[in-house]
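The values are calculated or read from the model by the stated rules, or taken from the named source; none is laboratory data. Model, not experiment: these values are computed from the prediction. No Cβ is skipped: glycine too gets one built from the backbone with ideal geometry, and neighbour counts run over all protein chains shown. For the accessible areas, the whole protein counts, side chains as well, though only heavy atoms, and no ligand, DNA or RNA atoms are used. Shrake-Rupley method; radii C 1.70, N 1.55, O 1.52, S 1.80 Å.
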Amino acid sequence: MLIRTGRDGHDHGVPSEITPRAVHEDRRTLLKWMATGAAGAALATWAQREALAQQVQRPGKLAALQAVRSTVPGAVTMEKLTEYKDAASYNNFYEFGTDKSDPAENAHTLKTRPWVVEVEGLVKKPGKFAIEDLMKLAPMEERIYRLRCVEGWSMVIPWVGYPLAKLIEKAEPLGSAKFVEFLTLADPKTMPFVGSRVLDWPYAEGLRMDEAMHPLTLLTFGMYGEVLPNQNGAPVRIVVPWKYGFKSAKSIVKIRFSEQMPHTAWNKAAAQEYGFYSNVNPNVDHPRWSQATERRIGEDGLFAKKRKTLMFNGYEQQVGQLYAGMDLKKNY
Ligand code: MTE
């Protein structure tokens with residue numbers, strides 16, 4: 001800001017407001033960088049340094065899962081992590097019950113070995129992957145994502161996995177493959193709620209091919225530096241950070257490529273409430289409640305303020321272009 005000081009009526013900066021030459025030079029360099037796109041890279045390095053400061057505590061309950069911190073743009077949020085105990089005890093995994101505490105109490109019955117994931121449908125190379133081989137397919141990365149549930153709560157979780165795109169490339173989809181479907185385990189012997197009629201089992205989800213190929217879509221094997229606890233979808237799940245949590249199917253056994261948009265479990269159960277896209281969108285309310293704000297798990301308490309929900313859960317810069325020209329009210 002400049003103030004009028006001179007008798008001559010000219011504007012002079014007060015000393016503290018005169019930009020020192022070095023800073024000025026810095027700004028010029030910054031502007032040049034911005035023009036070349038190098039500023040993005042510089043900011044990314046800064047973000048990485050900041051993120052590294054946020055050390056993930058390994059809870060030491062399960063086997064360690066080594067990973068390097070991801071450098072993919074948007075893959076590491078600097079927000080405070082949700083505590084492991086909350087992330088592993090406040091869950092939606094209806095195969096084990098509908099209460100938030102049911103999965104942590106009941107999912108010990110889930111047998112995660114042997115585990116095979118079948119890749120089928122419109123691909124050149126269909127196949128069956130033993131979980132051990134699937135885990136070796138690409139280097140593991142740690143990503144710190146916000147997870148926003150359609151019910152109005154959110155968490156910040158350090159996941160471990162690699163981009164789903166790596167597996168898709170390996171399968172070599174045919175040109176006719178437009179969608180990817182995820183089918184999860186439905187074993188009535190180990191999953192007490194699979195006999196119930198809340199959903200049409202197996203739990204099924206799907207993505208459009210470009211969504212599935214997006215570098216933020218993570219084939220996930222661990223969290224907090226360890227393999228996934230059963231209640232969070234062991235031994236392998238998907239995490240799609242810009243969509244409501246229910247798109248992130250747990251305990252996957254089949255990945256199918258198709259030309260038609262697949263039917264998804266929640267869409268079948270209540271089509272007017274849960275669409276195929278389910279992108280986080282504060283401007284499109286659920287028919288029974290607003291989606292404008294959210295409660296961050298761990299910030300509860302009488303005076304805890306709700307947070308504003310962000311468009312695409314804060315990943316608009318990375319994924320917004322996937323939906324250019326689409327009516328997001330119709331394609332909810
Ligand atoms: N996957 C399966 N197989 N069954 C489920 O009931 N619930 C979904 C999703 N994946 C669900 C599932 C919902 S509604 C949410 S919010 C997330 O898992 C929760 O993941 P989290 O428990 O790891 O936070």
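I need a count of the residues in region 234-250 that are under 26 Å from residue 293 (Cα atoms) and either over 10 Å from the mean Cα position of the chain (by Cα) or among the acidic types (Asp, Glu) (or both). Here the count works out to 3.
Can you find a residue that is closer than 30 Å to residue 96 by Cβ, part of a loop (DSSP other than H, G, I, E, B) and at pLDDT below 95 anywhere in region 282-293? Checked against the condition, which is being closer than 30 Å to residue 96 by Cβ, part of a loop (DSSP other than H, G, I, E, B) and at pLDDT below 95, region 282-293 yields no hits at all. Just one of the listed residues (186, 204) is open to solvent by 10 Å² or more (accessible area, probe 1.4 Å), over 17 Å from the mean Cα position of the chain (by Cα) and touching a residue at least 24 places away in the same chain (Cβ under 8 Å), and it is 186. Would you check if there is a residue in region 136-155 being farther than 22 Å from residue 58 by Cα, within 15 Å of the ligand (Cβ to nearest atom) and surrounded by fewer than 17 Cβ atoms within 10 Å (Cβ to Cβ)? Yes, region 136-155 has at least one match.
Residue pairs whose Cβ atoms lie under 7 Å apart, separated by 6 or more positions or on different chains, with the first residue in region 302-331 and free of Cβ contacts under 8 Å to residues at least 60 places away in the same chain and the second part of a helix (DSSP H, G or I), are 320/312. Here the condition is being part of a loop (DSSP other than H, G, I, E, B) and farther than 25 Å from residue 157 by Cβ; of 305, 329, it holds for 329 alone. Screening the candidates 213, 223 for the property of being among the hydrophobic types (A, V, I, L, M, F, W, C) and closer than 19 Å to residue 66 by Cα yields one hit, 223. Answer yes or no as to whether residue 270 is closer than 30 Å to residue 170 by Cβ and either crowded, with 17+ Cβ neighbours inside 10 Å or more than 13 Å from the chain's Cα centre (by Cα) (or both). So residue 270 fails the test.
Do we have any residue at all in region 66-86 that's closer than 15 Å to residue 229 by Cα, polar (S, T, N, Q) and either open to solvent by less than 30 Å² (accessible area, probe 1.4 Å) or free of Cβ contacts under 8 Å to residues at least 40 places away in the same chain (or both)?
Going through region 66-86, the residues closer than 15 Å to residue 229 by Cα turn out to be 83-86.
Then keep just the ones that are polar (S, T, N, Q); that gives none.
No, every residue in region 66-86 fails to be closer than 15 Å to residue 229 by Cα, polar (S, T, N, Q) and either open to solvent by less than 30 Å² (accessible area, probe 1.4 Å) or free of Cβ contacts under 8 Å to residues at least 40 places away in the same chain (or both).
So which strands (runs of 3 or more DSSP E) are wholly in region 213-261 and hold at least 3 residues that are under 21 Å from residue 193 (Cβ atoms)?
Values: elements: 218-223, 237-239, 252-258.
Correct list: 252-258.
For region 176-209, residues that are more than 13 Å from the ligand (Cβ to nearest atom), in a loop (DSSP other than H, G, I, E, B) and of a type in the set (D, E, K, R) total 3.
State yes or no: is residue 104 small (Gly, Ala, Ser) and within 23 Å of the chain's Cα centre (by Cα)? The answer is yes for residue 104.
The residue of region 229-256 that is surrounded by the fewest Cβ atoms within 10 Å (Cβ to Cβ), among those that are of a type in the set (Phe, Trp, Tyr) and within 10 Å of the ligand (Cβ to nearest atom), is 246.
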